[in-house]
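A.B. asks: I have a structure here, written as structure tokens, and I will follow up with some questions on it.
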Amino acid sequence: MSAISGMALSNAGFSSAATITGWNTDNVVVDNSAPVDGITGASVVYDQNPSNTGATSNGQITFTPPEAYAPGIKVQPEVYTQGGSGGSGLTLDGCIMTSNPGAICTSDFQSGKRVKTQVTGTEPLDLVFDVQAGAEANYQMFYRLINATSKSLAGFALEIGFGVGNEFVQATASDGITFSTDFMAKPSTANASVTTQYPFGLFGDASTNPNFDLDGFFAPERSGMDVLQTATSITSSGIFGPYNDIFGSWITREGVPEGAFWDHDFDDSTEALLMAYLNSSGQWEMRRDIDEYGVAYSLTGSDVKYFGSFSEVSDYFGSGYALFDDDVEDLANLNLNFAFNLSSSVESGSFTLRTTVSPVPLPLSAPLLGAGIGLLAMVGRRRKRRTN
């Protein structure tokens, strides 16, 4: 089946569930170089066959060994029910996740499941998946959008369809592949089949999440994008929560601030704790401290501390709690939670998940100024001491 044609084969009789059989990479250049731990690879996605003259890319799927390896996406078959064994939630037949050989759909928190999708342009990014017809089935999608466009973004849109690039045609519900409305997206309190969230370690209330002991670094409140869902589209409709108040629109990876991080558990496979960051006023704002037992806790209000440099922050904690400075990359990351429903009428062939991001509109008088600022940001960006 060609991802470029988007053609479907008629289905025949079946007794098993419909299956998403894999990621179709006909429009992708996969980095198959020898993997090196800690060095990120990428599968670059094009709007047509990459060998064609004029083929262009607006994004890539990244993977970093040893968590994940090429190509960066796998379809994991696994039957499970939301709410656990005996739960009353939706039964899923598998998931689409990053190509982590040590993880499955139901692996523990921070086991590395999200597909890391770097959007590098504002034209569509088309991911194609092959399908085998069968009885009704559902597949969870562990998705992350990373703003690598060099522009601030206003939002995103997802569409289900067929074909890629100029050949793309949006699907309808009668085609048998839709965004599930029965899926219970996390957090369950949202009572929604689709949710988005900027990473919980930055924005979240620890009392509502058993995986966290600390509130989000910036606020004890979730933040993400509201969405509008139809059978074959998911469209953002603005930012909710405190992200917008602090940073405005969805900032680019090039524009994220520096942070002071503490590797609190000396485990490279888990995320280090953000203790302070370089705010827009040029001060290092410390929003977490460490108690006498070596346990981090949040600072709020007048307890928040300010320093003139990273070295001053590091000196405050002392050599026993060695900090390192790095970009707060998670500020450019938006996590998406949703699922696909394959009805018994779906045909064998392939379908496309199209992702399109929208930039923040510039004032009519600002195009040249905006371009200049973007260039300065690229020239002045600091080299990181550690790659996450």
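A.B. asks: Quick one: 3J(HN,Hα) in Hz for the range 176-181, Karplus 6.51/-1.76/1.60 with θ = phi - 60°, rounded, Gly and Pro as x.
C.D. replies: Each residue's phi maps through the Karplus curve to give x, 10, 9, 7, 4, 9 Hz.
A.B. asks: Still on this structure, please answer the following. Taking a cut-off of 13 Å between Cα atoms, list the aspartates and glutamates near Lys74, but don't count ones fewer than 8 places away on the same chain.
C.D. replies: Cα-Cα hits under 13 Å: Asp130.
A.B. asks: Ordering Glu285, Glu67 by how much accessible area each has at a 1.4 Å probe, largest first, what is the list?
C.D. replies: If we order Glu285, Glu67 from most to least accessible, we get Glu67, Glu285.
A.B. asks: Looking at the square roots a ≥ b ≥ c of the eigenvalues of the Cα gyration tensor of the range 101-214, which shape do they give, rounded for a/c under 1.5, prolate if a/b is larger than b/c, or oblate?
C.D. replies: Since a/c reaches 1.5 but b/c is at least a/b, the shape of the range 101-214 is classed as oblate.
A.B. asks: Under 5 Å between amide H atoms, partner at least 5 residues away or on a different chain: which partners does Tyr306 have, H built in plane at 1.01 Å?
C.D. replies: It is Met286, by chain and number.
A.B. asks: Just the accessible area for Arg354, please: 1.4 Å probe, Å², rounded to the nearest 10?
C.D. replies: Around 30 Å² of this residue is reachable by solvent.
A.B. asks: Right, something else. With each run of n ≥ 4 DSSP H residues scored as -39500 (n - 2.57), what mean residue ellipticity at 222 nm is computed for the chain after dividing by its residue count and rounding to the nearest 500 deg cm²/dmol?
C.D. replies: Helix-only estimate at 222 nm: -2000 deg cm²/dmol.
A.B. asks: Still on this structure: Work through the residues other than Ser43 whose Cβ is under 14 Å from its Cβ and net out their charges, Lys, Arg +1 and Asp, Glu -1.
C.D. replies: The answer is -1.
A.B. asks: Pop the C-beta distance of Thr300 and Ile104 into the FRET formula with R0 = 35 Å and round what comes out to the nearest 0.05.
C.D. replies: 0.35
A.B. asks: Taking a point 7 angstrom from the Cα of Ser358 along the C-beta vector, which residues in the range 113-134 have backbone N less than 20 Å away?
C.D. replies: Zone members listed by number: 119-126.
A.B. asks: Give, as a single signed number, the net charge of other residues whose beta carbon lies under 10 Å from the beta carbon of Phe307, with Lys and Arg counted +1 and Asp and Glu -1.
C.D. replies: Local net charge: -2.
A.B. asks: Cα centroids of the range 157-235 and the range 78-117: how far apart, whole angstrom?
C.D. replies: When both Cα centres are located, 15 Å separates them.
A.B. asks: Please arrange Tyr277, Tyr293 by accessible surface area, largest first, computed with a 1.4 Å probe and ligands excluded.
C.D. replies: Tyr293, Tyr277
A.B. asks: Could you run the Debye sum over the Cα atoms of the range 199-286, one equal point scatterer each and no solvent, and tell me log10 of I(q)/I(0) at q = 0.11, 0.21, 0.24, 0.25 Å⁻¹, two decimals?
C.D. replies: After summing over all Cα pairs, the log10 values are -0.39, -1.16, -1.30, -1.33.
A.B. asks: Each residue of the range 102-116 in order: what ³J(HN,Hα) in whole Hz does its phi give by Karplus 6.51 cos²θ - 1.76 cosθ + 1.60, θ = phi - 60°, with x for Gly and Pro?
C.D. replies: For the range 102-116, the Karplus-derived couplings read x, 10, 10, 4, 9, 5, 5, 3, 6, 7, x, 10, 6, 6, 9 Hz, x marking Gly and Pro.
A.B. asks: Ser174: accessible area at probe 1.4 Å, nearest 10 Å²?
C.D. replies: It works out to around 100 Å².
A.B. asks: For every other residue with a beta carbon closer than 12 angstrom to the beta carbon of Ser193, add +1 if it is Lys or Arg and -1 if Asp or Glu, then tell me the sum.
C.D. replies: Taking every other residue near Ser193 into account, the sum is 0.
A.B. asks: Can you classify the chain as rounded, prolate or oblate using the Cα gyration tensor, where a ≥ b ≥ c are the square roots of its eigenvalues, rounded means a/c under 1.5, and otherwise it's prolate if a/b beats b/c and oblate if not?
C.D. replies: prolate
The values are calculated or read from the model by the stated rules, or taken from the named source; none is laboratory data. Remember, predicted model here, so these are calculated numbers, not experimental data. Note: ideal-geometry Cβ built from the backbone for every residue, glycine included; neighbour counts use all protein chains shown. What goes into the accessible areas is simple: the full protein's heavy atoms, side chains included, and nothing from ligands, DNA or RNA. Shrake-Rupley method; radii C 1.70, N 1.55, O 1.52, S 1.80 Å.
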